[in-house]
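The structure under discussion appears below in the form of structure tokens.
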Amino acid sequence: MKKEYKIFTAIMKKSTFKSLDKIDFPEDLRKFKKGDLKNVCDDLRNFIISSISENGGHFGASLGVVELTVALHYVYNTPDDKIVWDVGHQAYGHKILTGRKEKFHTNRVYKGLSGFPKISESEYDTFGVGHSSTSISAALGMAVASKYNKNEDRQHIAVIGDGGMTGGISFEGMNHAGDVDSNITIILNDNCMSIDPNVGALKKYLTDISTSPTFNNIRNDIWKVLGKLKAVGESARGVAKSIEKSLKSFVLDNSNLFEALNLRYFGPIDGHNVNHLVKTLEDSKKIPGPKLLHCITKKGKGYSLAEKDQTKWHATGKFNIDSGKSLAAKNKKKTSPKYQDVFGNTIVELAKRNKKIVGVTPAMPSGSSLNIMMKKMPDRAFDVGIAEQHAVTFSAGLATQGMIPFCNIYSTFMQRAYDQVIHDVCIQKLPVIFCLDRAGVAGSDGPTHHGAYDIAYMRCIPNMIVSAPMDESELRNLMYTAQLKNDSPFTIRYPRGKGVMIEWETDMKKIEVGKGRVLCEGEDIAILSIGHIGNYVTKAISELRKENIFPSHYDMRFVKPIDENLLHEILKKHKYILTVEDGCVIGGFGSAILEFMGDNNYNISIQRLGIPDKIIEHGSQDQLYQECNYDDKSIYSFCKKMLDHQGRNYEEILI
């Protein structure tokens, strides 16, 4: 391994990519001879490794599709032909080949390139992505539009992983594609991974296809014969197609899944043989109608550490290429844990006490830290694949039988299961506990991953409790309370990243549902916060006190039910109210306070801080807090301006 990386480091020091240096756009790539494409792939892979080692980012997925990326842009006339990348973790090579090589060092950096394909960034990014399983539907829509507009020579390609294929919308798209005579090619990038190893029957089915030597050997012989019969005409092709279809059914049980959906199935083929990929794609272009090409790839290809530990190397910070060791500054002092790890350890602790507790996550066991429970209690923790709707209704089914499911889903992904939350959980008042990780701005993953809307969309549903902990101890207490209550749906939201407590493994205590707490009492102005962002309020108040300004601070804990008794006390005592939340201001926590004031005829000055009514791009969480005007410095400034400028509204104060 050391020899491999010494060679690589030497290449990097020269800072030369002889082939890649000649490519700014795909039209430059197409000038290369086919025999030289392997050199292009080597350069592209090395460029990605070098760049991510210096700047961090998603890693393994893009390394796994280097050859496929080169082949696609070599064969298809992009941007006229449309490539849609599912999720977008794997699109770094695509970005580098499509005019963004010189700016790639700004990838996922504040005000820099997005970490995902984005329509506004490049004409080569045909569809904005970030969530899984959307590519087939989007590409099919483009194909139907092209057909309607008489542009029937245009090609439309959806590149989707086997993880993304487990999402229900991918099957909906394939079902429709098979019924519409449109020019769409689905590339199934099969690496047995999403972020964690894929699960479920589809994974086993794809493995059966890709590993059956009988099927693959005979199929290859058929296509060799088919190549010789091309001169004979369409009848020969039809005969060969019928033979292959029969072969699939004979050799492999249920192997005609894709063909049953009326998709011509080709493969599986080696996704790391660029010349074979080019030839296969060139051939498939000539075949009209919906098609699926099954490519076998390896996530992390070309960097052995990433190949060996694909989950760890899904995304990374800065690292040393030779050793793979992180270059992040090491703090020898004990630090506070990530909220996700507090969840992961606490659910195990609770499950030991309560045998009815189970854990559910849709393909995010490491991201949510439910993998801790999966290792210690494998029969009580379920990764259901990229299937948020199923995760929610599966949890509802568990609840009907007396189980206590903790359904852990990223806030942004919970949007995909909203109907199930209402229809299957809340209408029936089933005690499903929703733990919404990555609530609030999610950092460098950007707008597709920000958990901006969950307070607004959860608090409007009858029977739903909505809460947010300010620190690790409060998260433990809320989890403990939720499993004790066990008579209604219960939402607990918390952000990405670390908390604030070094000694966080506190004794768990029951919290009275709907009861807020007084953190400090002051005069004139009251700051009401919900969740972790309350720690920024504490920092702001510390600075304000130095100037003899003494706000009150209330951690409301619950958005629903809200602490009405505490609100009456606050509104009778203070002249000004400032609400702070790491969520959208429209319909959020501040709106709940405004509604209470309106319903109870309070007429005092109130301002709301939170995510404004616009799409927030990527950056660090602190950068985005500052941009949205609810970091500690903004809270400090806002308090001073409220006291200095009575009667002025939010926008005026900002000016």
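The values are calculated or read from the model by the stated rules, or taken from the named source; none is laboratory data. None of these values were measured; they are calculated from a predicted model. Glycine also receives a Cβ, built like all others from the backbone with ideal geometry; neighbour counts cover every protein chain displayed. The area values use the complete protein model at the heavy-atom level, side chains included, leaving out ligands, DNA and RNA. Shrake-Rupley method; radii C 1.70, N 1.55, O 1.52, S 1.80 Å.
A few notes on this one:
- Region 50-81 - residue that is within 13 Å of Phe319 (Cα to Cα) and assigned to a helix (DSSP H, G or I) and, of those, most open to solvent (accessible area, probe 1.4 Å): Glu54
- Residue that is surrounded by 15 or more Cβ atoms within 10 Å (Cβ to Cβ) and either on the phi > 0 side of the Ramachandran plot or part of a helix (DSSP H, G or I) (or both), where the choices are Val348, Val358: Val348
- Checking Tyr92 against (1) farther than 29 Å from Leu261 by Cβ; (2) surrounded by fewer than 24 Cβ atoms within 10 Å (Cβ to Cβ), the condition it does not meet: (2)
- Just one of the listed residues (Leu398, Leu430) is part of a loop (DSSP other than H, G, I, E, B), open to solvent by 10 Å² or more (accessible area, probe 1.4 Å) and in contact (Cβ under 8 Å) with a residue 24 or more places away in the chain, namely Leu430.
This table checks each residue for (1) in contact (Cβ under 8 Å) with a residue 12 or more places away in the chain; (2) on the phi > 0 side of the Ramachandran plot; (3) touching a strand residue (DSSP E or B) at 6+ places or on another chain (Cβ under 8 Å).
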residue: His89; (1), (2), (3): yes, no, yes
residue: Gly93; (1), (2), (3): yes, no, no
residue: Ser135; (1), (2), (3): yes, no, yes
residue: Asn151; (1), (2), (3): no, no, no
residue: Gly163; (1), (2), (3): yes, no, yes
residue: Thr166; (1), (2), (3): yes, no, no
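Quick grid of which residues meet (1) at pLDDT below 95; (2) surrounded by fewer than 20 Cβ atoms within 10 Å (Cβ to Cβ); (3) over 23 Å from the mean Cα position of the chain (by Cα):
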residue	(1), (2), (3)
Glu627	no, yes, no
Lys633	no, yes, yes
Cys639	no, no, yes
Asp644	yes, yes, yes
Arg648	yes, yes, yes
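- Residue satisfying condition, being of a type in the set (A, V, I, L, M), on the phi < 0 side of the Ramachandran plot and under 23 Å from the mean Cα position of the chain (by Cα), within set Ala396, Ala482, Ala456: Ala456
- Annotation: Ile604 fulfils all but one of (1) open to solvent by less than 20 Å² (accessible area, probe 1.4 Å); (2) farther than 14 Å from Ile455 by Cα; (3) among the aliphatic types (A, V, I, L, M); the unmet one is (1).
Results for (1) out of contact with any Phe, Trp or Tyr (no Cβ under 6 Å at 6 or more places or on another chain); (2) modelled with pLDDT under 95; (3) of a type outside the set (A, V, I, L, M, F, W, C); (4) closer than 25 Å to Ala387 by Cα, shown as yes or no for each residue.
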{"site": "Thr126", "(1), (2), (3), (4)": "yes, no, yes, yes"}
{"site": "Ser132", "(1), (2), (3), (4)": "yes, yes, yes, yes"}
{"site": "Ile160", "(1), (2), (3), (4)": "yes, no, no, yes"}
{"site": "Gly164", "(1), (2), (3), (4)": "yes, yes, yes, yes"}
{"site": "Gly178", "(1), (2), (3), (4)": "yes, yes, yes, yes"}
{"site": "Asp190", "(1), (2), (3), (4)": "yes, yes, yes, yes"}
{"site": "Met193", "(1), (2), (3), (4)": "yes, yes, no, yes"}
{"site": "Thr214", "(1), (2), (3), (4)": "yes, yes, yes, no"}
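- Hits in region 459-479 (condition: among the hydroxyl-bearing types (Ser, Thr, Tyr) and either under 14 Å from Pro561 (Cα atoms) or under 25 Å from the mean Cα position of the chain (by Cα) (or both)): Ser467
- Of all residues making up region 53-65, the number that are in contact with a Phe, Trp or Tyr (Cβ under 7 Å, 6 or more places away or on another chain), among the hydrophobic types (A, V, I, L, M, F, W, C) and modelled with pLDDT under 95: 1
- Selected residue [at pLDDT below 95, outside any helix (DSSP H, G or I) and hydrophobic (A, V, I, L, M, F, W, C)] from Phe8, Phe17: Phe17
- Candidate set from region 433-455 (those that are over 25 Å from Ala399 (Cα atoms), of a type in the set (Gly, Ala, Ser) and in contact with a strand residue (DSSP E or B) (Cβ under 7 Å, 6 or more places away or on another chain)); member that is surrounded by the fewest Cβ atoms within 10 Å (Cβ to Cβ): Ala442
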